[in-house]
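Worksheet: the structure to be examined is printed underneath.
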Amino acid sequence: MPLHTALHRTLQAHGLSQRQLARQTGLSLTAVNAIVTRGHWPQRGQAAARAAFIQALRQAGATTAELRALALPPAPSTQKAAGAPTPAAAPSPTSDISTGKDYAMLLENTPLTRAALKHFGLPRSPFVDDIQTRADVFQSAATRYARAALLDSAAHHGFMALVGESGAGKTTLVLELQERIREEQKDILVIKPYTLGMEASDTKGKTLKTAQIAEAVIYALDPQARLKNTPQARFRQMHELLRASRRAGRRHLLVIDEAHCLPVATLKHLKRFLDELKDGLQRLIGIALIAQPELRQLLHSQNPEVREVMQRCEIVELEPLDADLRAYLDHKFARFDLKSEQVFEPDAFDALRARLIHVPRGSKTGISTCYPLAVHNLVARAMNGAAAAGWPKVDAQCVAGV
């Protein structure tokens, strides 16, 4: 049944006029009429408008079943012909359920409302300030390999790039490495040059030069050091400090965040850090580049300038949570002594995966954006919607409608 038909009948059944509904929801009479007669919700503030409608209808005596039919209608791509079985699987990745506009929406920060926290028995959001100990870091096959690669680069002075979309958890893994080094009392120094304002070219910001990296290494090894005046003397100063530190038993890992913004010249020079900063045959420093997929594309390009870097740098990619989505949410809610089945119906997980498929404009191939940050925001929207509608749990229909 179309949304506007069900809404119109519900209003009639409970003696609620469009004018009264407009007064109670704070929407204009024109907007209410568009919703009731044509099912056209406002493009901005749709979630707030739905919540206001639900509240007004609940006060008018609408049942939970009526509110369920009105609040979050099934997405068009999940509609079936009459007599067809109820859909249980996620929509096809080639469906247009996720346009570029929807994709941007899912990445917007969405906090859990007080009503949702109360509804699901949570003292606070499981998605805010959620990593306080190493035990809080979710372990999938991809993250376990990334953790091992980071530690290996630190202990044996390797060269790697940890690549993932924004919100994939790259920074969390670096912080977890530092915490692990501290807890296990490993003699490893992690050196992180500041990358604030760093861009790939000086026209947009400031590029990170090799001399600045050398300066960061020198100060990390000797905070009271006086920098030499010439680049040649400064690089020698860095080399000598690294050699002395290595002979004392320490390992060193250079971590460069936002490495996709590094200029090609600096990338080439980093390869020389490995080749030239040695004590005999032993490397003196490892390198970990933390980057978005643009770095992988650069290294895999036909650009001959980056060929030597690509041949030496191991690329470790953080994949979407897809197969681990339920386990990830189990982990998040377990930190609050709450089981995921107390929050989600079984069909919700496929629906969440479906909503996190992005189909780029002009493409027929869907791309999963099922990364932690996007999952947090989509789940929060769904939980808020379920709480507003008075549904006990989040299900596929709820996810499709937010």
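Quick look at the values:
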{"item": "Whichever residue in the range 256-290 is within 12 Å of L162 (Cα to Cα) and crowded, with 23+ Cβ neighbours inside 10 Å and, among such residues, is farthest from the chain's Cα centre (by Cα)", "result": "I287"}
{"item": "Number of positions in the range 184-243 that are under 17 Å from A291 (Cα atoms) and among the acidic types (D, E)", "result": "1"}
{"item": "Pairs with Cβ under 8 Å, 6+ apart, first in the range 285-309 and assigned by TED's automatic domain parsing to the domain that holds G164 and farther than 17 Å from E258 by Cβ, second aromatic (F, W, Y) and not in a loop (DSSP other than H, G, I, E, B)", "result": "I285/F273; G286/F159"}
{"item": "Subset of the range 279-325 [of a type in the set (A, V, I, L, M) and in a strand (DSSP E or B)]", "result": "I287, A288, L289, I290, A291, I315, V316"}
{"item": "Residue match in the range 166-179 (condition: hydroxyl-bearing (S, T, Y) and either farther than 23 Å from A334 by Cα or assigned to a strand (DSSP E or B) (or both))", "result": "yes"}
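The values are calculated or read from the model by the stated rules, or taken from the named source; none is laboratory data. The structure presented is a predicted model; accordingly, all values stated were derived computationally and were not measured. In this analysis, Cβ positions are derived from the backbone assuming ideal geometry, glycine residues included, and neighbour counts consider all displayed protein chains.
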